[in-house]
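Asker: Attaching a single structure in structure tokens format; questions to follow.
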Amino acid sequence: MSENRVAVIGIMVEDRSAAAQINSLLSEYGDYIIGRMGVPYKQKHISVMCVIADAPADVLNSLTGKIGGIRGVSAKTLMSKI
């Protein structure tokens, strides 16, 4: 198993009906999540989420890929170098 890395996963939600799927995935990976914040931007009809996690790179990539695979959702990860 690889070493853990601290990461920020940025999530843009353009389809609010995806919220249940996102929350389900975040619960599934909950052991790795340090914190999360979500901000609805009503004028643009989107929500912006930030998830901070401490996990192996393959776990972070898996979570990001699954979230980004949800219709109406985009996700990107920024990982620490250490």
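No value in this document is a laboratory result; all are computed from the given coordinates. Predicted model only: the values in this text are computed from it and were never measured. Note: ideal-geometry Cβ built from the backbone for every residue, glycine included; neighbour counts use all protein chains shown.
Asker: If a residue must be among the β-branched types (V, I, T), under 10 Å from the mean Cα position of the chain (by Cα) and part of a strand (DSSP E or B), how many such residues does segment 1-44 contain?
Answerer: 4
To keep it simple, each residue is scored yes or no on (1) surrounded by 15 or more Cβ atoms within 10 Å (Cβ to Cβ); (2) out of contact with any Ser or Thr (no Cβ under 7 Å at 6 or more places or on another chain); (3) more than 17 Å from E3 (Cβ to Cβ).
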position	(1), (2), (3)
A19	yes, yes, yes
S24	no, yes, yes
K42	no, yes, yes
I46	yes, yes, yes
C50	no, yes, yes
P56	no, no, no
V59	yes, yes, no
G68	yes, no, yes
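Asker: Could you list, in sequence order, all residues of segment 50-82 that are under 14 Å from M12 (Cα atoms), in a strand (DSSP E or B) and either of a type in the set (G, A, S) or without any contact (Cβ under 8 Å) to a residue 40 or more places away in the chain (or both)?
Answerer: Those that are under 14 Å from M12 (Cα atoms), in a strand (DSSP E or B) and either of a type in the set (G, A, S) or without any contact (Cβ under 8 Å) to a residue 40 or more places away in the chain (or both): S74, A75.
Asker: Could we say that S47 is assigned to a strand (DSSP E or B) and of a type in the set (G, A, S) here?
Answerer: Taking the combined requirement at face value, the residue satisfies it.
Asker: Let me confirm something: among Q43, Q21, which residue is in contact (Cβ under 8 Å) with a residue 40 or more places away in the chain and of a type outside the set (A, V, I, L, M)?
Answerer: Numbers: Q43 fails: in contact (Cβ under 8 Å) with a residue 40 or more places away in the chain.
So the residue among Q43, Q21 that is in contact (Cβ under 8 Å) with a residue 40 or more places away in the chain and of a type outside the set (A, V, I, L, M) is Q21.
Asker: Is it the case that segment 14-33 has a residue that's at positive phi and out of contact with any His (no Cβ under 8 Å at 6 or more places or on another chain)? If you could, list the steps in order and put the result at the bottom.
Answerer: Taking segment 14-33 as the starting set, the residues that turn out to be at positive phi are none.
No, segment 14-33 contains no residue that is at positive phi and out of contact with any His (no Cβ under 8 Å at 6 or more places or on another chain).
A quick yes/no check of all residues on (1) basic (K, R); (2) in contact (Cβ under 8 Å) with a residue 40 or more places away in the chain; (3) touching a helix residue (DSSP H, G or I) at 6+ places or on another chain (Cβ under 8 Å); (4) under 21 Å from A55 (Cα atoms):
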position: E3; (1), (2), (3), (4): no, yes, no, yes
position: I11; (1), (2), (3), (4): no, yes, yes, yes
position: S17; (1), (2), (3), (4): no, yes, no, no
position: M37; (1), (2), (3), (4): no, no, no, yes
